[in-house]
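As structure tokens, the structure follows; a few thoughts come after it.
The values are calculated or read from the model by the stated rules, or taken from the named source; none is laboratory data. None of the values given here were measured: they were computed from a predicted structure. When we count neighbours, we look across all protein chains shown, and the Cβ atoms used for this are built from the backbone with ideal geometry, even at glycine.
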Amino acid sequence: MQELPGEFTTFDFPAGVPAPFNFAAAILSNQKMLTLLEKLQTAPPLIPMLIEGQPFIDAQDELSVTEFMRKYGMPERINEEVFIAMAKALDFIDPDKLSMTVVLTAMNRFLNETDGLQMAFLDGNQPERLCAPMKDYIEARGGKVVTKMPMKKFVLNEDGSVKHLEMRNGDIVVADEYISALPCDIMKRLMPTQWATMPFFHQVKELEGIPVINIHMWFDRKLKNADHLCFSRSPLLSVYADMSTTCKEYADPNKSMLELVFAPCSPIAGSKTNWIAKSNEEIVDATMKELERLFPTEIGPGSPDGVGAKLLKSAVVKVPRSVYAAVPGRNKYRPSQQTPIPNFTLAGDWTSQKFLGSMEGAVLAGKLAAEVVSDKAAGLPTKGVKTVQDDIVKSAETVVPQEPIPQFGDGPTVFGGGAVLTPAAQKEMVDNDPAMVAQA
């Protein structure tokens with residue numbers, strides 16, 4: 001906690017108690033963050049969410065978290081004690097820039113699902129424990145997973161449907177159905193001119209991926225920790241975990257390995273500094289100084305031995321375009337998985353689904369995209385194409401489409417991923433996304 005450096009506070013959901021009573025018990029039993037009066041002042045603005053449900057939640061998308069608080073008279077300390085940490089955890093962004101719909105969506109899960117706040121860690125690294133089993137599952141059923149084959153462009157038929165995909169190496173990929181999980185920023189760059197004037201695709205210009213940095217830090221001793229994901233109200237750090245405690249593969253009783261989300265890390269997210277353009281060394285130095293402030297008895301000169309835990313090594317993973325920036329007013333522009341193109345379906349957490357920009361949202365969007373394809377194949381009715389806003393329809397009438405922008409390089413950031421960037425990879429990121437690095 002900020003006023004009690006080095007200490008953790010928790011919201012304890014009692015086992016066996018159903019929602020929403022477990023949520024109420026967790027809030028009321030925490031005595032360190034909010035007074036009873038502040039808790040009572042926070043509750044009334046949330047009552048419409050319980051009564052009206054999703055329509056009320058969706059209607060708050062025009063307000064930031066801060067604006068919602070002030071509109072409904074919530075105490076300012078709820079922002080300092082709760083919403084800062086929630087906003088940074090949910091979208092890597094500060095509460096004065098985050099749509100209240102995001103926070104209400106999360107809180108609605110806590111109030112309606114007994115296990116809505118349950119979290120878990122993989123027991124090892126993602127390539128081996130998550131990606132490899134998925135690849136094996138697909139290939140065991142006759143599918144094929146091809147990697148390291150970047151796409152160059154969509155090639156269309158005269159009616160706008162997809163004829164084939166042209167890969168950068170010259171190969172042609174022909175299919176009956178095409179599903180794209182490209183991030184919204186990459187989709188905008190590769191958008192065919194025939195699609196760019198269609199209101200459905202034109203609305204994607206209203207969405208923008210937000211940058212985030214993940215830092216891995218290995219220390220020479222075991223730090224005080226919790227066997228859980230920890231939320232921070234630090235101006236530099238979002239969520240973090242001691243992987244030597246939470247993850248089987250990295251288990252170590254004597255040394256800690258922290259994974260931290262460094263956010264917000266650019267002006268679009270609320271930071272005064274564009275950290276995505278800084279060197280790895282500058283980012284690690286800033287993180288160590290912040291850890292000294294948060295844990296003065298374990299890191300830095302304030303520790304009992306006058307030195308504290310020493311950093312053995314580190315890795316800085318930059319994701320220039322992560323989840324879409326859920327700033328106020330964006331939710332209505334998220335497209336459905338079904339598109340006006342008969343053989344082309346969208347996926348990705350930025351498409352329309354209830355879990356917003358998240359891993360859960362990505363999984364749900366993929367499931368919804370699969371339903372579109374399977375329903376069409378079976379001759380069943382689909383959920384249809386989401387209605388496009390009137391302002392987008394009008395704007396699309398005068399838009400001058402730009403030619404697709406080719407993607408350069410082979411690094412993960414080229415197509416929306418993250419990586420530990422070498423100087424060459426950093427240059428590759430700048431070449432593909434100069435606007436991100438140029439933010440002041």
All but one of (1) modelled with pLDDT under 90; (2) loosely packed, with under 14 Cβ neighbours inside 10 Å hold for residue 146, so report the exception by its number. (1)
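On the basis of being in contact (Cβ under 8 Å) with a residue 40 or more places away in the chain and under 20 Å from the mean Cα position of the chain (by Cα), does residue 208 make the cut?
Values: in contact (Cβ under 8 Å) with a residue 40 or more places away in the chain: yes; under 20 Å from the mean Cα position of the chain (by Cα): yes.
For residue 208, the condition - in contact (Cβ under 8 Å) with a residue 40 or more places away in the chain and under 20 Å from the mean Cα position of the chain (by Cα) - is met.
Quick check on my filter: what residues within segment 347-393 are assigned to a helix (DSSP H, G or I) and of a type in the set (D, E, K, R)?
Keep residues of segment 347-393 that are assigned to a helix (DSSP H, G or I), which gives 359-377, 390-393.
If the condition is that a residue be assigned to a helix (DSSP H, G or I) and of a type in the set (D, E, K, R), then 360, 367, 371, 375, 376, 390, 391 are the ones that fit.
Tell me, which helices (runs of 4 or more DSSP H) lie completely within segment 1-118 with 2 or more residues that are touching a His at 6+ places or on another chain (Cβ under 6 Å) and either surrounded by fewer than 19 Cβ atoms within 10 Å (Cβ to Cβ) or assigned by TED's automatic domain parsing to the domain that holds residue 265 (or both)? Full working, then the answer.
Numbers: elements: 21-29, 36-42, 47-52, 54-59, 65-71, 84-91, 100-112.
Helices (runs of 4 or more DSSP H) meeting the threshold: none at all.
Within segment 78-86, is there a residue that is in contact (Cβ under 8 Å) with a residue 24 or more places away in the chain, of a type outside the set (S, T, N, Q) and farther than 30 Å from residue 215 by Cβ? Even if it seems obvious, please write down each step before you answer.
First pass over segment 78-86, keeping only residues in contact (Cβ under 8 Å) with a residue 24 or more places away in the chain: 78, 80-82, 84-86.
Cutting the leftovers down to of a type outside the set (S, T, N, Q) gives us 78, 80-82, 84-86.
Next, from what is left, pick out any that are farther than 30 Å from residue 215 by Cβ: none.
Checking segment 78-86: not a single residue is in contact (Cβ under 8 Å) with a residue 24 or more places away in the chain, of a type outside the set (S, T, N, Q) and farther than 30 Å from residue 215 by Cβ.
Looking for something outside any loop (DSSP other than H, G, I, E, B), within 23 Å of the chain's Cα centre (by Cα) and at pLDDT 95 or above - is there at least one such residue anywhere in segment 404-419?
Step one: list which residues in segment 404-419 are outside any loop (DSSP other than H, G, I, E, B), which gives 412-415, 419.
Applying the additional criterion that residues be within 23 Å of the chain's Cα centre (by Cα) yields 412-415, 419.
Still in the running and at pLDDT 95 or above: none.
Within segment 404-419, not a single residue is outside any loop (DSSP other than H, G, I, E, B), within 23 Å of the chain's Cα centre (by Cα) and at pLDDT 95 or above.
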Within segment 211-228, considering residues that are of a type outside the set (D, E, K, R) and modelled with pLDDT under 90, the one nearest to residue 308 (Cα to Cα): 225
Positions within segment 149-171 being more than 20 Å from residue 194 (Cβ to Cβ), charged (D, E, K, R) and under 30 Å from the mean Cα position of the chain (by Cα), in sequence order: 168
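Among 178, 137, which is the only one that is surrounded by fewer than 14 Cβ atoms within 10 Å (Cβ to Cβ), at pLDDT 95 or above and of a type in the set (Phe, Trp, Tyr)? Outline the logic, then answer.
Values: 178 fails: surrounded by fewer than 14 Cβ atoms within 10 Å (Cβ to Cβ).
Answer to the check: 137.
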From the list 367, 376, 386, pick out the single residue that is loosely packed, with under 14 Cβ neighbours inside 10 Å and at pLDDT 95 or above. 367
